[in-house]
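Read-outs throughout are calculated quantities, based only on the coordinates presented, and are distinct from any laboratory measurement. Fair warning: this is a prediction, and the values are worked out from it, not measured in the lab. Reconstructed Cβ throughout: ideal geometry from the backbone, glycine too, with neighbour counts over all protein chains shown.
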Amino acid sequence: MCLKTTTIVSVPKQSTVSCLNDYRPVAVTPIVMKCFERLVMRHIKTQLLPSLNPLQFVYRPNRSTDDAITTTLHLSLTHLDNKDTYVRMLFIDFTSTFNTIIPQHLIEKLSLLGLNTSLCNWILDFLTGRPQSVRIGNSFSSTTTLSTGAPQGCVLSPLLFTLLTHDCAAMHSLNHIVKFAGDTTVESTEFIDGSPVEIVKSTNFLGVYLVENFIWSLNTTSISKKAQQRLYFVRRLRKAHLPPPILTMFYRGTIKSVLSSCITAWFGNCTVSDRKTLQRIV
């Protein structure tokens, strides 16, 4: 039981916090359990990964947001090459993704995927009857026992969510569901349970702004603004006479990473003026 004991700490999702939803509840678990989870995860991956949905791009080796965005654009633009066609995209962001896991339903799917009964029972025991408390500063809440969801911060939780949703796939050949953890893109649909879906001219998909006409000016403007703000700190560090290697490390970690994020998906179709805007920052 002690190996399943979890302490929840709140981590801000962004620099400015205005409400409780701006915090991410991260589970702190025993180090010994994390090591054992890695062994279990390695065993599961050797059996299941080749059979997973190819449009699931997170928690899998050699896949990233670049692949998810590039695939989404490829599917859309390939379809638009046909005469008199259009594409609808529905962007879904699940709230408290790992909390949606129902252990009993997960075990049923794992059994169908071919995991042996002993391993399935261990995972069920791992997810149920977990003592949990919340820590704020040096204060702790009373302990409660949970038997639903998966702790955010555990090694196994991302893989278990991927396995739970692996069979969430489009039923029609013209529809596609591109998945990246709790962010999902469905190409089609106007109503859900009779309620109209909000229609927008642009949206932020995995950190990249997609516009209805596939022009990238909004995305490059957002990137350049973020990078310019961080250049201020480079100037301050240089005035503090930090050595060049430290400045270079800071630039690569905070500015270059922003400029090159998912660059393979959008840079090739940027206008000349957008490229010059980015080049001035580099």
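3J(HN,Hα) couplings calculated from phi for region 268-282 with the Karplus curve 6.51 cos²θ - 1.76 cosθ + 1.60 (θ = phi - 60°) are, in sequence order, x, 10, 6, 6, 4, 5, 5, 5, 5, 4, 6, 5, 5, 6, 5 Hz; Gly and Pro show x.
Taken one residue at a time, the phi angles of region 109-121 give Karplus couplings (6.51, -1.76, 1.60, θ = phi - 60°) of 6, 5, 5, 5, 7, x, 6, 5, 4, 4, 5, 4, 5 Hz. Gly and Pro are set to x. Listed options for Rg and Dmax of the Cα atoms in Å are (1) 21.3, 69; (2) 22.1, 64; (3) 23.7, 76. The value calculated from this structure is the one marked (2). When the Cα centres of region 203-243 and region 1-74 are compared, how far apart do they sit, in Å? The two parts, judged by their Cα centres, are 26 Å apart. Applying 1/(1 + (r/R0)^6) with r as the Cβ-Cβ distance of Ile92 and Lys45 and R0 = 22 angstrom yields a FRET efficiency of 0.25. Loop-resident trypsin sites (Lys or Arg not before Pro) (DSSP state other than H, G, I, E or B) in region 73-116 with no more than 14 further Cβ atoms inside 10 Å of their Cβ: Lys83, Arg88. The H on the amide N of Ile8, modeled in the peptide plane, is under 5 Å from the matching H of Val28, Ser133, Val134, Arg135, each at least 5 residues off or on a different chain. Can you run the Rg to Rh ratio on region 24-148? Use alpha carbon positions and the Kirkwood inverse-distance Rh. Across region 24-148, the Cα-based Rg/Rh ratio is 1.07.
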